[in-house]
Structures are given as C-alpha cells and as structure tokens.
Amino acid sequence: FLLTVDHIKAWEAKHGAINPGEWVVMRTDWYKRNGSEAEFLNANETGPHTPGPTAEAIQFLIGKDIKGWGSETIGTDAGKAGGMEPPFPAHTLMHKANRYGLASLCNLDQLPPKGAILIAAPLKIEHGTGSPIRALALVPGK
C-alpha cells in the first residue's frame, strides 16, 4: 500500500484538516506483525513489501507544515522506497525540511483520528542523526 495525496485529502474530508505543527502518523496495524521477522519485514526475492507514503504525499504534508511523520513499519518509508524518486522520500524529504520521522510505532489503533498529544523524546547523542525513543501519546479525556 502506498499512501497518496488523494488518501490524505479523503482522510481530511472525514476528520478535519491537518494543521501546521501537527504530527501525522499512518495507522496500518502493521505493528501487530511484530514478533515475526518474516511477517514484519514481509520480504521476498524482490525485497521488503511494507506500506508507506509516496513522495507526493510527503511533499503535500510538508506543505501543510507538519511537525513530523510516523509509521508502524521498520522505517518511515514503504518497503520498496529505495526505488522511488527520490529514494526513501519520507526519510529524505522530511529531514531535508527539518521535520521528524518516527518508525516502529505501536498501538496507533488505540488513538483517536485527531487530538492525541505525541511525546517522542530522543536521547542526546552528540553528532547523532537519530535516536531510539519511547513514544507516548496522551489522549484528552482519557
């Protein structure tokens, strides 16, 4: 599955606009495959097959001035993103735009479509370009 601009626009029509400064996380329930490397990577002789965004979808979200992008898969991109233009667009374009990327998120099915507060504090790694985090979400009223 590749998330497109049309998918995002349809989501916004149902749940409301994505506003500047918000996080966008893609719920696929892929995290439920965790525990089985074969199922989580979903790879065959042509490589991994996991859901993710198109380059156009990421550019659209950057244009909305989002804070960051997250996914439940092993990376922020689709499994075949190395063959996209640019390669690995979520990683490449989000970081180039000084936005954040989170991967291997879990339990997104427990969050509302909008309104949760995401906490993703990284370790302070000198000269680091990434960090493990413990992602937490606060849900108002719960």
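Per-structure values
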quantity: Residue in the stretch 79-87 that is over 11 Å from the mean Cα position of the chain (by Cα), farther than 22 Å from Pro20 by Cβ, among the small types (Gly, Ala, Ser) and surrounded by 18 or more Cβ atoms within 10 Å (Cβ to Cβ) present; calculated: yes
quantity: Candidates Ile62, Ile66, Ile58, filtered to the one that is aliphatic (A, V, I, L, M) and outside any helix (DSSP H, G or I); calculated: Ile66
quantity: Residue ID - farthest from the chain's Cα centre (by Cα), chosen from residues in the stretch 11-55 that are in a loop (DSSP other than H, G, I, E, B) and surrounded by 14 or more Cβ atoms within 10 Å (Cβ to Cβ); calculated: Asn42
quantity: Test: residue in the stretch 39-54 that is at pLDDT below 95, farther than 29 Å from Lys114 by Cα, touching a Leu at 6+ places or on another chain (Cβ under 8 Å) and not β-branched (Val, Ile, Thr); calculated: yes
quantity: Residues satisfying the stated conditions in the stretch 113-134, i.e. modelled with pLDDT of 95 or more, in a loop (DSSP other than H, G, I, E, B) and touching a strand residue (DSSP E or B) at 6+ places or on another chain (Cβ under 9 Å); calculated: Ala116
quantity: Residue in the stretch 128-137 that is touching a residue at least 12 places away in the same chain (Cβ under 8 Å), crowded, with 16+ Cβ neighbours inside 10 Å, farther than 16 Å from Leu3 by Cβ and in contact with an Asp or Glu (Cβ under 8 Å, 6 or more places away or on another chain) present; calculated: no
quantity: Selection status of Ala78, within 26 Å of Glu37 (Cα to Cα), assigned to a helix (DSSP H, G or I), in contact with a Phe, Trp or Tyr (Cβ under 9 Å, 6 or more places away or on another chain) and not basic (Lys, Arg); calculated: no
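The values are calculated or read from the model by the stated rules, or taken from the named source; none is laboratory data. Keep in mind that this is a model prediction, so the values were computed, not measured. Positions of Cβ are generated from backbone atoms using ideal geometry, with glycine treated the same way; all protein chains shown enter the neighbour counts.
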